[in-house]
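Novice: I have a structure here, written as structure tokens, and I will follow up with some questions on it.
The values are calculated or read from the model by the stated rules, or taken from the named source; none is laboratory data. It should be emphasised that the depicted structure is a prediction, and the values quoted were computed from it without experimental measurement. All Cβ positions, even for glycine, are placed from backbone atoms using ideal geometry, and neighbour counts span all protein chains on display. All accessible areas refer to the heavy atoms of the entire protein, side chains included, with ligands and DNA or RNA removed. Shrake-Rupley method; radii C 1.70, N 1.55, O 1.52, S 1.80 Å.
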Amino acid sequence: MEQYIVFVNNSQNLALNISKIERIIAFQQPKKIPESSDYLLGVIQHNGQILPIVDLTMRLYEHYAPEVDDKKIIVVKWKNRLIGFVVEEIVSIESFHSEQYEEMLQQNQISKEYIHGFILMEEDIIIVLDTDRIFDFEQAKEIKDGIEQAKEIKDGIEQAEDIEDGFEYEA
């Protein structure tokens, strides 16, 4: 049995394998990265690191997630880094039997690489996402470049603060 975090975006139940999750945190308003895609909301500081925040509804459905009181950020492992996905609602952490899971096969009519498979429920189908394939090459490059840009800004601010700390001001 595999464990998954099931969540809602765009009125659709989606899931991520729990092995890809670092943690779930409360939503924080990210600092916007200039000239970035609409789905890349910006960055926040998480455990002393720069964490890019992605509006998963915008990325998958091309419109912003609705404003809800209890939205969360799922911090996931992505290409040997961490990234945050904004989700509308966490539904549950569940274990599913292998017979409930249908892997995404090449002969399926759906061609989205980021869909890893489907969990078949009595009254629903849950889409399982592959975090490493959720962005194409250009999108992944944009996120990585955004992280580097945010790090440079952060380092510049820290250097300016260090210089400022070295000066004595006279009134």
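Novice: It is to be established whether one or more residues within region 5-25 are surrounded by fewer than 16 Cβ atoms within 10 Å (Cβ to Cβ), at negative phi and hydroxyl-bearing (Ser, Thr, Tyr).
Specialist: Yes - at least one qualifying residue is present in region 5-25.
Novice: So, in region 68-123, of the ones that are aromatic (Phe, Trp, Tyr) and at pLDDT 85 or above, which residue ends up nearest to ASN13 (Cα to Cα)? Even if it seems obvious, please write down each step before you answer.
Specialist: Taking region 68-123 first, the residues aromatic (Phe, Trp, Tyr) are 78, 85, 96, 101, 114, 118.
In the following step, the residues that additionally are at pLDDT 85 or above were identified as 78, 85, 96, 114, 118.
Details: TRP78: 21, PHE85: 15, PHE96: 14, TYR114: 15, PHE118: 10 Å.
Of everything passing the filter in region 68-123, PHE118 is nearest to ASN13 (Cα to Cα).
Novice: Which of the numbered conditions does PRO30 fail, given that it passes all the others? Conditions: (1) free of Cβ contacts under 8 Å to residues at least 60 places away in the same chain; (2) open to solvent by 70 Å² or more (accessible area, probe 1.4 Å).
Specialist: Answer for PRO30: the failing condition is (2).
Novice: Of all residues in region 1-50, count the ones that are in a strand (DSSP E or B) and not hydroxyl-bearing (Ser, Thr, Tyr).
Specialist: Of region 1-50, the ones in a strand (DSSP E or B) are 2-9, 12-17, 21-26, 31, 40-46, 49-50.
Then drop every residue that is not not hydroxyl-bearing (Ser, Thr, Tyr), which leaves 2-3, 5-9, 12-17, 21-26, 31, 40-46, 49-50.
Result for region 1-50: 29.
Novice: Step by step: first the residues of region 56-67, then only those that are at pLDDT below 85 and touching a strand residue (DSSP E or B) at 6+ places or on another chain (Cβ under 7 Å), then the one that is least open to solvent (accessible area, probe 1.4 Å). Which residue is that?
Specialist: Filtering region 56-67 for residues that are at pLDDT below 85 and touching a strand residue (DSSP E or B) at 6+ places or on another chain (Cβ under 7 Å), the one least open to solvent (accessible area, probe 1.4 Å) comes out as ALA65.
Novice: Among the listed residues VAL54, VAL68, VAL75, which satisfies the condition of being in contact (Cβ under 8 Å) with a residue 12 or more places away in the chain and within 22 Å of GLU2 (Cα to Cα)?
Specialist: Numbers: VAL54 fails: within 22 Å of GLU2 (Cα to Cα); VAL68 fails: within 22 Å of GLU2 (Cα to Cα).
VAL75 is the lone residue from the list that is in contact (Cβ under 8 Å) with a residue 12 or more places away in the chain and within 22 Å of GLU2 (Cα to Cα).
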